[in-house]
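Rule-based calculations on the coordinates, nothing more; no lab input. Predicted model only: the values in this text are computed from it and were never measured. So basically every Cβ, Gly included, is an ideal-geometry build from the backbone, and we count neighbours across all protein chains shown.
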Ligand code: SF4
Ligand code: SF4
C-alpha cells in the first residue's frame, strides 16, 4: 500500500513537472515518461569511444577518459536486460565512431535477433566502404545517420577534420545504390547535419543536393552536442531560452560508455560523475539508483547549480529538429 502511494506521488510529481515545462503539448509525453520511471525509454550504448576524426564541435578529441571498444560480452549483458523492457530502441554510439569496433556488425545482429525494435547508430561515414556497407545491410540495422556538415568540400573538411569529402560522399551514394538495386527499405539512411555558425549559409544547398539521394535529411541544432563546460566552443545559432526548465534527458535516456560506466547524462563526455557501472550492476538498479534520483531531484528543485555539469549546460533547452522528407 505504502509502495503504491509512493509510486503515485512520484508519478504526480513527474506529471506536474512535464505540465510545468511543456504545457498541453506535454500530455503524450506524460504517458511516455510514466513508462520511463521503470526503465529508460532510450538506451545509448557507446560501442566505441575511438574516433578517426577531430571534428571542431565534438568533445571526443578532448576526452581524458580511456578510449576503447565496448567488450562484446558486456554488450550482450546490456542487450539481454534491455530486451526485458519496452524500450523504443538502442543507439549504438555516443562519443566515437562505431565502425571502428570490428564487432559492430555482430552487435547489431545480436540486438535484432533478440527483438529490439529499432537499432541505429550515427557514423562519420569515412569507413563505410563497400564491404562495410554489405555487412551493415546484412546485419539488420534499422537506420544509420551519416554526418555531413557543409555542402562544399572546403566547409565539410574544415568542420570534420581528417575526413575526406569525396570519400564520404562516395560511400553514401554507394550505400544508397546497394539499397536501391535490392529494393531494400533498411537501413534507413539519414544524412544528418548540425546547424551551427560555421555552415549556416550552406544548409539550403545541402538539403537541395542530398534530399533526392538519401532517405531523409535531418538538421539538428548545435545544442545536441555538449560544450563540455566550455572546453568545446559554443557554435549555436539560436540563443538558449532564458527561463530554464528541467532536462528531459534525465527521465528518458541512459547512456553507457565503452568501459561500462554510466554517467547521469550522456553529455558528460569524460564521465566526471559516474552513477553506476554495468560491469557489476543492472541497468534498472542504476536507473532507479541514488545518482539518477539525486540529479532528477536537483532539476525538479531548480537547483541546477548543484550539478556542475548541468549548471552551464545549454543542452537542456528544447531541441528543434526539422525532418525534411521527400
Ligand atoms: S563528431 Fe563523431 S566523427 Fe567527429 S570527432 Fe566526434 S565522434 Fe568523431
Ligand atoms: S542539463 Fe545538460 S548536462 Fe544536465 S542532464 Fe541536461 S543535457 Fe545533461
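Structure notes:
- With Cα atoms defining each centre, region 73-98 and region 132-177 are spaced 23 Å apart in the structure.
- With the simple spin-label model, which puts each label point 7 Å out from Cα in the Cβ direction, the residue 62 to residue 272 separation comes to 1.0 nm.
- Distance-filtered residues of region 124-145 - backbone nitrogen under 19 Å, label point 7 angstrom along residue 166 Cα→Cβ: 125-130
- Spin-label zone in region 91-127 - amide nitrogen under 12 Å from a point set 7 Å from the Cα of residue 50 along the C-beta vector: 97-104
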